[in-house]
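Notes to accompany the following structure.
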Amino acid sequence: MANTAEVRDDGTLVRAAKAGDKGAFTELVERHSQFVFGNARAVGADRTMAEDVVQIVWFKLASRLDAIREPDRIRAWLAITTRNTARTELGRTARTVAIDDRIPDAAPGPESLMSTRIEHAELSRCMKRLTDQCRELLLMRFVAEMSLQEISEAREMPMGSIGPTQGRCLKQLSTCLSRSA
Amino acid sequence: MSDYEDSEDLHDVIRRLSAWAAVEEQVSSEAVETAKMAFDLRQVEDELAELVHTDGLAVRGDDAEPTSELRFGVQGLDILVSLRRGQLAVVVAPPPDGLDVESAGGRQPVELDDVGGATIAALGVVRLRVRRNGNPDVVTDPFVVPGTD
């Protein structure tokens, strides 16, 4: 049987949510919460704060649906709102997050998973050693799964400079990983 | 393109980074499920009170309990919130007809004193709903009531 389930794009979902469709809002939350979480992590929120920020941002969207002027660009709205919210929370609570606390060490697991755990712990350690700019960029790219265009808008960087910067950051990471191998 | 940008090493570090992010840096399902509930608290006629001032942690009073203050405003209404661990104190000026604390878990009415103040036990992400007879409700931006460390 052919799969007739329709995949609604973001703009359609925002317009439907505005009209009172809870299912559309739920779909937006499912689709973009990792993106929101990754953006909060990228600006320095620890895991607990990033998950609080996820809730705050969706609360804000629910309250402001009628004010969203470009429903098709909801990810841009989410990125800006998330980054501003995370920065406000970081400043307000003065939960001074030492760089070492931003990225927790990977937890130990059963023996069968040990090599993966060791590798992830190594990666966590090397991520902490990156420059702030590199850490933010790689978290945006690999945790928030943002496109180069989205990163360019969020960081107000020229599109053309992001690819080379990412290359340099990956090289830094690779160098750290190879030293610890 | 530099040699590195097309190297095996680059592809390997991307693979390792992607695998790390997929395991260690995922938003929890609890956070996602809680976020979905935000829609239930939506009321289209609500008026939004924006955060107009915030103070970071400060030591106040004899008990040296860290406190954080937030001020929300909308025309003709001031909402001052003082946060402590697991608790918020609020003063609304002028005193409103009613006040609710809203969270993903629902809505909790608050009893206000004569000057529009109250102290409320709360935790996590909440917002306040100020009720005014004959006018739309005013809701604050959501904020976090801290728990114990």
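Taken over the Cα atoms of the protein assembly as shown, the convex hull encloses 183 Å³ per residue.
Averaged over peptide A:31-41, the number of partner chain Cβ atoms lying within 10 Å of each residue's Cβ comes to 3.
Within chain A, the selection of entire DSSP H helices by a Cα span of 18 Å or greater along the long axis and an average Kyte-Doolittle value of at least -1.0 returns A:22-42, A:47-64, A:74-93, A:114-129, A:159-180.
Mind pulling the angle between the C-alpha long axis of helix B:8-24 and the longest principal axis of chain B? Nearest 10 degrees, somewhere in 0 to 90. Tilt of helix B:8-24: around 30 degrees. State the Cα centre-to-centre distance between segment A:1-80 and segment B:77-91 in whole Å. Taking the Cα centre of segment B:77-91 as reference, the centre of segment A:1-80 is 28 Å away. Largest first and in whole Å, the equivalent-ellipsoid semi-axes of chain A read 31, 19, 18, each the square root of five times a Cα gyration tensor eigenvalue. Averaged over the residues of peptide B:36-47, the number of Cβ atoms from other protein chains lying within 10 Å of each residue's Cβ is 6. The tail of the calculated P(r) for chain B, taken as Cα-Cα distances beyond 25 Å, holds 44 percent of the pairs.
Every number in this text was worked out from the coordinates using simple rules, so none of it is lab data. Just so we're clear, the structure is a prediction, and the values are computed from it rather than from any experiment. Glycine also receives a Cβ, built like all others from the backbone with ideal geometry; neighbour counts cover every protein chain displayed.
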